[in-house]
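Notes follow once the structure below has been shown.
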Ligand code: IPM
Ligand code: MG
């Protein structure tokens, strides 16, 4: 029996509701496969601001560092929305990424055949869409210095800094090439090399790293063209690699291809051990959704699918991860839907807890 330590940070809004359902499914995984998951819980985000005055306590970071993985719910809500407040819920996620060194954010976008009608795009455009966007997560505009606001005779001023080192660019591209190797062997490197110096450096390094991966086809694309092509021909992408801010924007766009954000998991990874595993933070990309919090409407599938990514990428439990993904598919195939992925003939709309139960009941060990 293997033992793993998992830190739970439910956070705000629907975060705690969806974490509870992921726990249900992981409970079944423990039983079915004979593992022991030791869960520890920490308060983060707005909830931590209320309780401790800060969104991410050093104790929480220390607990995360001692864990094999972090399951992260969501942070934020109208109560803490004042942009001038000293402590902001978002500090929790940004702090976790930076302090745990989680530089690679993987956001898979697959259009489930049963859900193709839920997208705003035409089915024939979506057909075959299956990509992973890899977003650099600890550099660029989010963290570059100087980063500040001030006032002078000309009025109010502000600055953020877009800065990347050779090392930062190289390591994220390698994550992309390694992943592309296990997929359709196509990598799209997204930059703004026609305007930005960091973009030129990015492209130069992408070409250098590409030499180590002759089996992978590399294509360079300007980020504005990517924004367009994601809607025109999403199935043309396999692995996309891009810097932090561009990745933030295009992953929201890409998520909408799948119809609902309620289905989209993500993994944030740092340095890997030799066997490919290592600490990671796993979160649904939908956020805290304060408008539906407490109403039992949240779709727990993104959180459950994020926990499958955790099983695979941090715990090295591939068959367990596949079992969870199959159980999610089985619940959908059986016609169950949460409100966000809507009703329709022959479909039954269920609440958050019911969906979690349906998935956990379908978890089976066999392949
Ligand atoms: C995301 C979110 C975060 C980001 C926010 C909550 C700080 O939009 O994970 O994409 O901008 O990275
Ligand atoms: Mg975002």
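Worth a mention:
- Residue 224 under 24 Å from residue 126 (Cα atoms), away from ligand 2 (no atom under 16 Å from the Cβ) and touching a residue at least 60 places away in the same chain (Cβ under 8 Å): no
- Residue 314 meets all of the listed conditions (1) in contact with a helix residue (DSSP H, G or I) (Cβ under 9 Å, 6 or more places away or on another chain); (2) under 22 Å from residue 35 (Cβ atoms) but one, namely (1).
- Test for residue 92: is it in the same structural domain as residue 54 (by TED's automatic domain parsing), within 26 Å of residue 302 (Cα to Cα) and crowded, with 20+ Cβ neighbours inside 10 Å: yes
- Test result for residue 86, part of a helix (DSSP H, G or I), away from ligand 1 (no atom under 14 Å from the Cβ) and surrounded by fewer than 18 Cβ atoms within 10 Å (Cβ to Cβ): no
- Residue in the stretch 319-340 that is within 29 Å of residue 68 (Cβ to Cβ), buried (at least 20 other Cβ atoms within 10 Å of the Cβ) and within 16 Å of ligand 1 (Cβ to nearest atom) present: no
- Out of 235, 227, 254, sole residue that is touching a helix residue (DSSP H, G or I) at 6+ places or on another chain (Cβ under 7 Å), part of a helix (DSSP H, G or I) and surrounded by fewer than 20 Cβ atoms within 10 Å (Cβ to Cβ): 227
- Close pairs (9 angstrom Cβ cut-off, 6 or more residues apart or separate chains): on the phi > 0 side of the Ramachandran plot in the stretch 91-111, more than 10 Å from ligand 1 (Cβ to nearest atom) anywhere: 101/138; 101/270; 101/271; 101/279
- Residue in the stretch 258-271 that is in a loop (DSSP other than H, G, I, E, B), away from ligand 2 (no atom under 15 Å from the Cβ), under 27 Å from residue 41 (Cα atoms) and under 15 Å from the mean Cα position of the chain (by Cα) present: yes
- The lone exception for residue 300 - which of (1) surrounded by 23 or more Cβ atoms within 10 Å (Cβ to Cβ); (2) within 16 Å of ligand 2 (Cβ to nearest atom) it fails: (2)
- Among the residues of the stretch 236-256, the one identified as away from ligand 2 (no atom under 15 Å from the Cβ) and out of contact with any strand residue (DSSP E or B) (no Cβ under 6 Å at 6 or more places or on another chain) is 236.
- Boolean, residue 131 is in a helix (DSSP H, G or I) and either buried (at least 17 other Cβ atoms within 10 Å of the Cβ) or touching a helix residue (DSSP H, G or I) at 6+ places or on another chain (Cβ under 6 Å) (or both): no
The values are calculated or read from the model by the stated rules, or taken from the named source; none is laboratory data. Just so it is clear, the structure is predicted and the values come from calculations on it, not from any experiment. Note that we place each Cβ from the backbone using ideal geometry, even for glycine, and neighbour counts take in every protein chain shown.
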